[in-house]
Amino acid sequence: MHPTGSEALSPPPRQRNRRIDLLRGVAILLVLFHHFCIAYPLNHSSLAMLLTPEGVRAVARNGNYGVTLFFVISGFLITGNALARWGSLAALDARSFYAFRIARIVPCLLLLLCVVNALALAGLPIFATHIPGMSPLAAMIRANLAALTFSTNVFIAHHGWANYALGVLWSLSVEEVFYITFPLVALLLRRLPFILVFWALIALIGPFYRMAHQNDESGFLFAYFASFDGIAIGCIAAVLASRWRLNERMARILQPVVLAGMVTLYLYRSIGGTNIWGVSAMALGTALLLIASVPHAEGRFISHVRLLRTVEWTGRLSYELYLFHLIILGLLRTILPASTISATGPDRLMILAVFFAASCGVSSLIGRFFAEPLNQTLRARLKQQPPKIVIEN
């Protein structure tokens, strides 16, 4: 999950794909709404009068499908960047690849750990790590080690949601373990057909792995092989997009159909009942939308709709938003416990607005004054010129 930056798979080299940012914005907003509704259920709020209680639940319960979108976008952008930067996956420079990933991911990750640890040490219980039979300090160290070794999903499988604000790192763990092997697969297999077959096998393993772990949420939602298939599908889509352009007429017909199918799947049932093939279907739908986005990277229609521009903007902030929104939500839960807020009327919607505004404001400041400057500084110290096309998921 999910660093963001400039991206494009086709000329002009510095063009940013606004449609991808829009899709990523939808994904992060679904995740934020999902987490907010866990803390402050909206089933009986004023929103329920508009959408009905079941409608609110249907939108709120499947935030993990937003993460599926992130995984596919991540695989698409990372692979597209590699092809654009080095011409072929066989020519990939592993040192540069890892350097770019470290420069983008590590600064925000370390900042998150520092803030969460500081809040825990300051005595705010919601930010402490709670593991039965383990001292708070030892538990904190254990949670930090999991975060730094990209094994938070394994940590959750063993200890549950022991740390509220660091739980989001499960998806970063999945993603980065995949990318640790990305250059190795490219350089060992070398020939593109072999690489594609490898990714196809990973994509096929996903639903069967989820099928085998239906009695274990950490197994069918957060495990490596329960999630790798989305990233692999994104990687395959990037290769297809670099070699094949979807017919314009076909794209106009296919995109609304794909979107309608994805929305129906999202609203139909909880991800707990649809994940086996639902994750694969959502990933394939996302891949088709990404392939169709390449010829229209400028996203002209986005410029004419304020709401779409706002969603696009949140997509650009998606990494920072994903990492830091639970800090904002945790502080709100500390100051305004859900038990003290009326479950009916507009009160919880006002808190939702504060949550979104504060999360976006903090994430924007972190991105502008911390993450991006450090990203550029680290790359410069590695004596690597910024690539012509910067694609960070």
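Residues checked against (1) of a type outside the set (Phe, Trp, Tyr); (2) at pLDDT 95 or above; (3) touching a Cys at 6+ places or on another chain (Cβ under 6 Å); (4) under 30 Å from Ala186 (Cα atoms):
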position	(1), (2), (3), (4)
Pro12	yes, no, no, yes
Val26	yes, yes, no, no
Ala39	yes, yes, no, no
Ser45	yes, no, no, no
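Put simply, of Ala297, Ala287 the only residue that is small (Gly, Ala, Ser), modelled with pLDDT under 95 and open to solvent by less than 70 Å² (accessible area, probe 1.4 Å) is Ala297.
Only one of these is assigned to a helix (DSSP H, G or I), open to solvent by less than 10 Å² (accessible area, probe 1.4 Å), closer than 29 Å to Ser96 by Cβ and modelled with pLDDT of 95 or more: Val174, Val197. Name it. Answer to the selection: Val174. The residues of region 93-141 that are of a type in the set (Gly, Ala, Ser), under 30 Å from Ile335 (Cβ atoms) and surrounded by 16 or more Cβ atoms within 10 Å (Cβ to Cβ), listed by number, are Ala120, Ala128, Ala139. The set of residues from region 332-346 being without any contact (Cβ under 8 Å) to a residue 40 or more places away in the chain and either part of a helix (DSSP H, G or I) or more than 25 Å from Val115 (Cβ to Cβ) (or both) comprises Ile335, Ser339, Thr340, Ser342.
Please tell me if Arg191 is basic (Lys, Arg), modelled with pLDDT of 95 or more and surrounded by fewer than 16 Cβ atoms within 10 Å (Cβ to Cβ). Taking the combined requirement at face value, the residue satisfies it.
Does Glu320 meet the test of being closer than 17 Å to Leu29 by Cβ and touching a Cys at 6+ places or on another chain (Cβ under 9 Å)?
Numbers: closer than 17 Å to Leu29 by Cβ: yes; touching a Cys at 6+ places or on another chain (Cβ under 9 Å): yes.
The answer is yes for Glu320.
When region 21-68 is examined, which residues are found to be among the aliphatic types (A, V, I, L, M), more than 15 Å from Gly315 (Cα to Cα) and in a helix (DSSP H, G or I)?
Of region 21-68, the ones among the aliphatic types (A, V, I, L, M) are 22-23, 26-32, 38-39, 42, 47-51, 56, 58-60, 67.
Okay, now just the ones that are also more than 15 Å from Gly315 (Cα to Cα), so 38-39, 42, 47-51, 56, 58-60.
Within region 21-68, Ile38, Ala39, Leu47, Ala48, Met49, Leu50, Leu51, Val56, Ala58, Val59, Ala60 qualify.
Within region 294-351, the residues that satisfy the criterion of being more than 20 Å from Gly66 (Cα to Cα) and β-branched (Val, Ile, Thr) are Val294, Ile302, Val305, Thr334, Ile335, Thr340, Ile341, Thr344, Ile351. Cβ separations smaller than 7 Å between residues 6+ apart or across chains give no pair from region 49-60 residues that are of a type in the set (Asp, Glu) to residues that are part of a helix (DSSP H, G or I) and at pLDDT below 95.
Within region 168-227, being closer than 26 Å to Leu89 by Cβ and charged (D, E, K, R) holds for Glu175, Glu176, Arg190, Arg191. In region 219-240, which residues are under 20 Å from Gly273 (Cβ atoms), small (Gly, Ala, Ser) and crowded, with 19+ Cβ neighbours inside 10 Å? Across region 219-240, the qualifying residues are Ala223, Ala226, Ser227, Gly230.
Which of the residues that make up region 157-170 are among the aliphatic types (A, V, I, L, M) and over 20 Å from Leu119 (Cβ atoms)? Correct list: Ala157 only.
The values are calculated or read from the model by the stated rules, or taken from the named source; none is laboratory data. Keep in mind it's a predicted model, so treat the numbers as computed, not measured. So basically every Cβ, Gly included, is an ideal-geometry build from the backbone, and we count neighbours across all protein chains shown. Side chains are part of the model used for accessible areas, which takes the heavy atoms of the whole protein and leaves out ligands, DNA and RNA. Shrake-Rupley method; radii C 1.70, N 1.55, O 1.52, S 1.80 Å.
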